[in-house]
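**Q** Would you mind keeping the following structure in view while I ask a few things?
The values are calculated or read from the model by the stated rules, or taken from the named source; none is laboratory data. Predicted model, so just to flag it, every value in this text is computed and none were measured. Neighbour counts are summed over all protein chains in view; Cβ atoms, including those assigned to glycine, are modelled from backbone coordinates with ideal geometry. Ligands, DNA and RNA are excluded from the accessible area calculation, which covers all protein heavy atoms including side chains. Shrake-Rupley method; radii C 1.70, N 1.55, O 1.52, S 1.80 Å.
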Amino acid sequence: MLNDRQFAKFCSVMQLDELIDDPRFASNAARLQHRDELRGRIELVLSAWPRESACSTLMRSGVPVGPVHTVLEAFSQPHAVHRGMQVKLDGYQGIGVPVRLSQTPGRPTGPPPRFGQHAREVLGEAGFDEGHIDHLQESGVCP
């Protein structure tokens, strides 16, 4: 929490008022110095709150916050579903194209390349001759 006002609001909402005037947490620099202790205190209080309840209460109080989702939870969010952010192609599961332009929205047409799949082609375009590429691959420098 970089902002001292937001830290004070957070402490007030979470009933950690004693932290507001504690010199160890009076500024962002001080909070960073005493991060482990502060984190422990905050985690103890937050562990008693249901995630969505804590987030909505803090947001209504003016403290910007959002839940940390698992990958499955993130993909099931309405916005992620609407944007088609989960890709399933040829046995591959991953994240879709996040940037969508209205005229050329882009979409995956196949799984991503395997590690080093295009190494020979890329090295050739970079000016390496076939012998040098063979040597790099044989010595394990590149796949």
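**Q** Residues in segment 107-125 that are open to solvent by less than 80 Å² (accessible area, probe 1.4 Å) and farther than 30 Å from GLU138 by Cβ: how many?
**A** Total satisfying the criteria: 1.
**Q** Please go through segment 51-106 and give me each residue that is of a type in the set (A, V, I, L, M), open to solvent by less than 80 Å² (accessible area, probe 1.4 Å), more than 18 Å from the chain's Cα centre (by Cα) and modelled with pLDDT of 90 or more, ordered by number.
**A** Once the filter is applied, which keeps residues that are of a type in the set (A, V, I, L, M), open to solvent by less than 80 Å² (accessible area, probe 1.4 Å), more than 18 Å from the chain's Cα centre (by Cα) and modelled with pLDDT of 90 or more, segment 51-106 yields ALA54, LEU58, VAL63.
**Q** Here is a check on your reading of the model: is ARG39 open to solvent by 50 Å² or more (accessible area, probe 1.4 Å) and under 20 Å from the mean Cα position of the chain (by Cα)? First the steps, then the outcome.
**A** On the way: open to solvent by 50 Å² or more (accessible area, probe 1.4 Å): yes; under 20 Å from the mean Cα position of the chain (by Cα): yes.
Yes, satisfied.
**Q** Tally time: how many residues in segment 14-48 are more than 17 Å from ASN3 (Cβ to Cβ) and touching a residue at least 12 places away in the same chain (Cβ under 8 Å)?
**A** Matching residues across segment 14-48 total 6.
**Q** Moving on. Quick check on this structure: which one of ASP129, ASP90 is charged (D, E, K, R) and at positive phi?
**A** Every option except ASP90 fails the conditions.
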